[in-house]
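One structure is given here, and the rest of the page talks about it.
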Amino acid sequence: MKPKRLAVTLATALMLWMLPERSITPALSQVPSEEEAGWENDIDGLRHFSGLRCPDTVGPFYRIKVMESEGTSLSGCIYTGRDGLTAVLRNHLQGTGRQEAFTFSRNYKQAGFDPVTLSGAAANGVSFRTRDWTPTSLCETLWYFAGARADFTLWIAFTLPTQEAEIGPALAAFTETLARQN
């Protein structure tokens, strides 16, 4: 066998030897598939066994990740919008939304973040300033909603003052999506 062909053959054999069980399988086994996490394809998005429907898009937001159930949080989806605006929509056991908001507030205070009072749509949520050492401040706001069969939370991270005007339309889009849940 010629040296060049031998080198290619050995490189191919090494790659094939490394692929099956040693590098791909462990990484894949750590991230459950959507089906294993209880999600099924639905018209325009996904539906969780808990009943939560997460559309592919909500207003200007695109779904980028699904979350599985844990504790009182039955399921959820992470969305991204313009300029890094991030939103997390979660479905909770009925009657636990208020407690989720309280836990959010307590945990952020214990972490040393300052609660802030905002105007507009953010005024109805629980808000914290989580970055104030740059020209724009990062804020995180959580709203909770009581539904007929489940409670929901919506968390949005945004910068002030640049993204403040986007919070009202974002909240309206997610509220409309939640109204279709019940």
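The values are calculated or read from the model by the stated rules, or taken from the named source; none is laboratory data. None of the values given here were measured: they were computed from a predicted structure. Backbone-built Cβ (ideal geometry, glycine too); neighbour counts: all protein chains shown.
Observations
- Filter pass, Gly38 being surrounded by 16 or more Cβ atoms within 10 Å (Cβ to Cβ) and modelled with pLDDT of 70 or more: no
- In the range 71-104, the residue that is nearest to Phe158 (Cα to Cα) out of those that are without any contact (Cβ under 8 Å) to a residue 24 or more places away in the chain and of a type in the set (S, T, N, Q) is Thr80.
- Filter pass, Ser105 being assigned by TED's automatic domain parsing to the domain that holds Gly59, within 18 Å of Gly71 (Cβ to Cβ) and modelled with pLDDT of 90 or more: yes
- Options Thr141, Thr130, Thr159; residue that is β-branched (Val, Ile, Thr) and either more than 16 Å from Asn107 (Cα to Cα) or not assigned by TED's automatic domain parsing to the domain that holds Val58 (or both): Thr159
- Scanning the range 123-148 for residues being among the hydrophobic types (A, V, I, L, M, F, W, C) and over 26 Å from Leu93 (Cβ atoms) gives a total of 4.
- Of residues in the range 58-90 being of a type in the set (S, T, N, Q) and modelled with pLDDT of 90 or more, the one nearest to Asp44 (Cα to Cα): Thr80
- Boolean, Ala157 is of a type in the set (A, V, I, L, M) and modelled with pLDDT of 90 or more: yes
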